[in-house]
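Undergrad: One structure is given below, represented as structure tokens, and several questions about it will come after.
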Amino acid sequence: MKHARIQRNAGAPEGVLVFNYARSKVSLPKAEEIETLIPKAAMEALTNGDAEPFFKVEAIDFPAKGSGGVYDGSFLKSFINVCKERPIPGSKRGHEYSSRPASDFYTVGGRIDSNDNGKTGTAYMKIYIPPVGDPTENAAFIRDARAGMVHFSLVTKPDYNVKTELDEMGNKVQVRHFTATTGYERNDAMEYGAGAMSQIVNSSTSFDVDAARALIASGAFDKNTNVDGEPVQNGIVYRSALRRLASRANEEDRAELGELISMIDKAKNGRKTVDKEEALKLLSNLIKNGAENAQDIVAGLGINPKLLRNAEDEANAATVAALNSKLGEKPLEKLDGILAENAKTAEDRVKNAVAEAFGAAEIETVPGKKVQNSQYLRALELCKGKAGDELAAAIENAKKDPIMLDLARERADPYSGINRSAGGPRGSGAMANESEDGIPGFMA
């Protein structure tokens, strides 16, 4: 198939994903070759009064890998098997999250063709489009479907497990594998091309265990905040997300995730350890500002002043005493706070500079609806830790960054994911399809 994408949608129930898929390039089976699975009575009710029922077949190759994880053949089989209980409804106007979305057509059957290895293959969906939808006629919609101008998009709340795999660089990563559907099944129609968009990554496909271990060792973790999505977000490892991954992992992988959780539990805090060179630089500045009482600082640090025999040692002791007079009884703790405050100030300067150059962290696309500004996030990553002339240079370099240029084009395109709405492009007045509600993103 071409491309497929799992995207976040405004108003969707928690845990629900949307899978946009384009029609397979290979020739599709005829509708009569795909079994109708819904109960006979349900099929008779749907086709009552329809002299020439129109069926359309669509295909999805599996496994489908994207930004939310991997959709295995077992998930697609589970989705198709829902038809054995009932038809799966769909709206010809895209995804609608209301008390009862429109039922303009129905997925009534399907087939799974697995390859010899049993892990790859193609899933076929059999879709029935009646002459009259909910509530308007479907003549134009059927015409577009016959002409291959309609793409479709699955809606589901999937179940998943977690597996340890190797990425392209040979690093061990934790990957979500979606295995079954647990509710909210729909198969809505999307505008032609919606299933073949360029990938928009909402969250990482996999979780790098070694990278997380290094972040935890440096103090970049959060013990208490409950977050959705990936364990590593914005350079911080979240214990709550690790716990959720571990609950889905097999015994071997759970042990490795448990090691990371244990590292966080044993650490005293989530702050970065004070850098020795930074501390010495601050001490030097305090001395230049007239700090005194080196002997008291030496004593406060547990150093015996009698051991200071030469002039250099005496000068160092004076420096420590000066720090003690400026910072109080616990100079290192006070110094830690000063460094943290300085780092926060520097971070705020970077955020302000990035916002001035590329817009705020959130932007309004559809009136009254704000979405995350991907350019802001990318520029923040490129400019992190910069100050003064380096920050100014980083801002200019960000303007020429290939990813930033792609994001600018995406933002400018009225049909892009960030600008799309349920019934058309930005400005149509319909509900936006994109949101930041914590639902994992996906594209195959």
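Undergrad: Kindly check whether there is at least one residue in region 40-60 that is buried (at least 20 other Cβ atoms within 10 Å of the Cβ) and assigned to a helix (DSSP H, G or I).
TA: Within region 40-60, not a single residue is buried (at least 20 other Cβ atoms within 10 Å of the Cβ) and assigned to a helix (DSSP H, G or I).
Undergrad: Mind checking whether some residue in region 357-364 is hydrophobic (A, V, I, L, M, F, W, C) and either more than 26 Å from the chain's Cα centre (by Cα) or assigned by TED's automatic domain parsing to the domain that holds residue 233 (or both)?
TA: Checking region 357-364: not a single residue is hydrophobic (A, V, I, L, M, F, W, C) and either more than 26 Å from the chain's Cα centre (by Cα) or assigned by TED's automatic domain parsing to the domain that holds residue 233 (or both).
Undergrad: So if I check each of 371, 354, which one is within 21 Å of the chain's Cα centre (by Cα), outside the structural domain of residue 234 (by TED's automatic domain parsing) and buried (at least 18 other Cβ atoms within 10 Å of the Cβ)?
TA: The match here is 371.
Undergrad: Considering each of 370, 351 in turn, give the residue that is modelled with pLDDT under 85 and over 30 Å from residue 175 (Cβ atoms).
TA: The unique qualifying residue is 370.
Undergrad: If you don't mind, another one. Yes or no: residue 135 within 21 Å of residue 148 (Cα to Cα) and over 31 Å from the mean Cα position of the chain (by Cα)?
TA: Here the answer is no, as residue 135 does not meet what is asked.
Undergrad: Give the number of residues within region 24-62 that are over 21 Å from residue 83 (Cα atoms) and modelled with pLDDT under 90.
TA: Residues meeting the conditions: 4.
Undergrad: Follow-up question, since we're still on this one. Any idea how many residues of region 234-253 are modelled with pLDDT under 80, out of contact with any Ser or Thr (no Cβ under 6 Å at 6 or more places or on another chain) and crowded, with 16+ Cβ neighbours inside 10 Å?
TA: Residues in region 234-253 being modelled with pLDDT under 80, out of contact with any Ser or Thr (no Cβ under 6 Å at 6 or more places or on another chain) and crowded, with 16+ Cβ neighbours inside 10 Å: 2 in total.
Undergrad: On to the next question. Within region 221-258, track down each residue that is assigned to a loop (DSSP other than H, G, I, E, B) and without any contact (Cβ under 8 Å) to a residue 12 or more places away in the chain.
TA: 234
Undergrad: Give me the pairs, please: first residue somewhere in region 329-345 and more than 21 Å from residue 384 (Cβ to Cβ), second residue anywhere and of a type outside the set (A, V, I, L, M) and outside any helix (DSSP H, G or I), beta-carbon distance under 7 Å, and either six or more positions apart or on two chains.
TA: 334/328
Undergrad: Hey, another quick one. Is region 63-75 home to any residue that is of a type in the set (S, T, N, Q), surrounded by 16 or more Cβ atoms within 10 Å (Cβ to Cβ) and not in a loop (DSSP other than H, G, I, E, B)?
TA: Within region 63-75 (the criterion being of a type in the set (S, T, N, Q), surrounded by 16 or more Cβ atoms within 10 Å (Cβ to Cβ) and not in a loop (DSSP other than H, G, I, E, B)), the answer is yes, since at least one residue qualifies.
Undergrad: Working only within region 161-198, note down all residues that are touching a helix residue (DSSP H, G or I) at 6+ places or on another chain (Cβ under 8 Å), at pLDDT 85 or above and of a type in the set (Gly, Ala, Ser).
TA: 180, 189
Undergrad: Could I ask something else about it? Do you know which of the residues in region 199-233 that are of a type in the set (S, T, N, Q) and at pLDDT 80 or above is surrounded by the most Cβ atoms within 10 Å (Cβ to Cβ)?
TA: Looking at the filtered set, the residue picked out is 233.
Undergrad: Sticking with this one: What are the residues in region 124-138 that are farther than 12 Å from residue 187 by Cβ and in contact with a strand residue (DSSP E or B) (Cβ under 9 Å, 6 or more places away or on another chain), if any?
TA: If the condition is that a residue be farther than 12 Å from residue 187 by Cβ and in contact with a strand residue (DSSP E or B) (Cβ under 9 Å, 6 or more places away or on another chain), then 124, 130, 131, 133, 134, 138 are the ones that fit.
Undergrad: While we're on this one: If you check 128, 124, which single one turns out to be in contact with a Phe, Trp or Tyr (Cβ under 6 Å, 6 or more places away or on another chain) and either touching a residue at least 60 places away in the same chain (Cβ under 8 Å) or part of a loop (DSSP other than H, G, I, E, B) (or both)?
TA: Every option except 128 fails the conditions.
Undergrad: Going through region 185-194 one residue at a time, which ones are crowded, with 17+ Cβ neighbours inside 10 Å and not acidic (Asp, Glu)?
TA: Within region 185-194, 186, 187, 189, 190, 194 meet the criteria.
Undergrad: Just checking, how many residues over region 139-149 are in contact with a Phe, Trp or Tyr (Cβ under 7 Å, 6 or more places away or on another chain) and over 11 Å from residue 191 (Cα atoms)?
TA: Number satisfying all stated conditions: 1.
Undergrad: Residues in region 410-419: is at least one at pLDDT 60 or above, touching a Pro at 6+ places or on another chain (Cβ under 8 Å) and over 16 Å from residue 20 (Cα atoms)?
TA: Within region 410-419, one or more residues are at pLDDT 60 or above, touching a Pro at 6+ places or on another chain (Cβ under 8 Å) and over 16 Å from residue 20 (Cα atoms).
The values are calculated or read from the model by the stated rules, or taken from the named source; none is laboratory data. What you are looking at is a predicted structure, and each value in this text was computed from that prediction instead of being measured. Quick reminder, even Gly has a Cβ in these numbers, built from the backbone with ideal geometry, and neighbours come from all protein chains shown.
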